[in-house]
Amino acid sequence: MGGKKYGFATRSVHVGNEIDKHTGAIRSPITMANSYVLPYDPSDMNWSAAEGNIYTRNGGANQRQLQEKIASLEGGEDCVVLATGVAALSGVFFTFLKSGDHAVFGDNTYIAAYRLLNELLPQKYGVETTMADTSDIEALKAAVRPNTKLIHIETPGNPTLKVTDIRAAVKVAHDAGALLSIDNTFASPFITRPAELGADLTVESLTKYINGHGDAMGGAVIGKKEHIDRIRAEAMVNLGGSISPFNAWIIARGAATLPLRMRQHSESALKVARFLKARPSVRFVAYPGLEDHPGHSIAKGQMENGCGGVLSFGLKADHDTHNRFVSHLKLIISAVSLGHDETLIVFLGENDERMHLFPKDFNGGFYRLSVGLEDAEDIIDDLRQAFELTGL
């Protein structure tokens, strides 16, 4: 039932799940196996094949079930799931870029992708790269070269929440004969489905919203079968970026409640953003759901069911005061990652190597806040008491 016959919530629950033919269990079991039985004569087999069950690095039952679910939710033709979100990003870059090629990427790109594209690929493999403000389509066009093979964007961006017009970026890429890849982690397929807007490749960190419980890591790439087959062969089988059966099973279980959780994350994040916006001691709040966010109108056109659960904000305060504020929080946890059931906050100080790329408001340090599934009023009350104890 991977097609669009059923609604998003129904597919979240049912796609990729099978009744176990041996026990009658209504949930697919975890298949914790490295190897699978070979045919009578295996001598002519392709040991690097990703079809069928040979060896878990080549794919296994739980991985395939999760891939079916994610492809359906994203509205994509095919999907490959990998060990982490960074493995998924690396899989895209490794597969579609070679020495002498050029790639454009956004100046609000996640730090691991930033290092891959800004440092590792140019230094080690001779791939040329250019950073651009992808929210400015004219700037994106200007960054394209004759040898551009890939444009990689992230919207909303991590950690600035900058919004890029996906349809416009698709046109820029395709006019240049390049592929467009989009990191959709902050939105999730419940809010944005880039494949339906023309993107060639969608990348998700399954670790975040799709899993939703902070207890398993995984990544996914969604796109046309011809593209996904290449990533499966080159980045999964030959680079070994396979997901474990246990993590694939855990993430599939978490994905069943994705639409319910994303509604709550989005509704609470908007309430929190409005609360912070009204505090005199808050320097700025970046959240696409706020009417004064520069990308608000674009977000409304490509983000359904809210704007996600992540926002950034800064205080009218020095470095130490930012840290003291966090120390007074009782409910909100100081930790990296996002998309968990609990609310998480991380202070990104002035020494972040990308700070010169961020909007001026971000200078002086800021927080990234991942709003969890607690009652919004409790999250706001925790922030309020931290403001009071900090004297802000």
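Every number here is computed from the coordinates shown, using simple stated rules; none is lab data. This structure is a prediction, so every number in the text was calculated from the model and none was measured. Every residue, glycine among them, receives a Cβ derived from its backbone with ideal geometry; neighbour counts consider all protein chains shown.
Things worth noting here:
- Proximity of backbone amide H atoms, modeled 1.01 Å from N, is registered between Leu348 and Phe366, Tyr367, Arg368 at under 5 Å, excluding neighbours fewer than 5 places apart on the same chain.
- Shape of the stretch 259-390 from the C-alpha gyration tensor: oblate (a/c of 1.5 or more and a/b not above b/c, with a ≥ b ≥ c the square roots of its eigenvalues).
- 0 to 90° range, to nearest 10: angle between helix 85-96 axis and the chain longest Cα axis: 60 degrees
- Separation of the Asn17 and Ala335 label points, Cα + 7 Å toward Cβ, nm: 2.6 nm
- Among the listed pairs Lys171/Lys360; Lys208/Lys316; Lys98/Lys141, those beyond 25 Å (Cα-Cα): Lys171/Lys360; Lys208/Lys316
- Label zone at Ile380, where the point sits 7 Å out along the Cα-to-Cβ direction: the stretch 286-305 residues whose backbone N lies under 12 Å: none
- Treating r as the C-beta distance of Glu234 and Lys360 and R0 as 35 Å, the FRET efficiency rounds to 0.30.
- Euclidean distance of C-alpha centroids, the stretch 108-140 and the stretch 188-203, integer Å: 20 Å
- DSSP bridge pairs, the chain: antiparallel proportion in percent, nearest 5: 55 percent
- Within the chain, the longest run free of chymotrypsin sites (Phe, Trp or Tyr not before Pro) that sit in a DSSP loop with at most 10 other Cβ atoms within 10 Å is 48-392.
- Charge context of Ala88, other residues only, Cβ under 11 angstrom, K/R +1, D/E -1: -2
- Among His328, Ala61, Ile151 - extreme Cα towards positive end, dipole of the chain, charges at beta-carbon: Ala61
- Computed over the stretch 114-201: relative contact order in percent, which uses C-alpha pairs under 8 Å that are six or more apart: 24 percent
- Other residues whose C-beta falls under 9 angstrom from the C-beta of Thr185 contribute a net charge of -2, scoring Lys and Arg +1 and Asp and Glu -1.
- Per residue, the average separation of C-alpha pairs within less than 8 Å and at least 6 apart gives the stretch 8-255 a relative contact order of 26 percent.
- Other residues whose C-beta falls under 11 angstrom from the C-beta of Gly364 contribute a net charge of 0, scoring Lys and Arg +1 and Asp and Glu -1.
- Where only DSSP H runs of four or more residues are counted, the chain gives -9500 deg cm²/dmol as its mean residue ellipticity at 222 nm, each run worth -39500 (n - 2.57).
- Normalising the average separation of contacting C-alpha pairs (under 8 angstrom, six or more residues apart) by the number of residues puts the relative contact order of the stretch 259-390 at 29 percent.
- Dipole magnitude of the stretch 259-390 about its Cα centre (Cβ charges: Lys, Arg +1; Asp, Glu -1), debye to nearest 20: 320 debye
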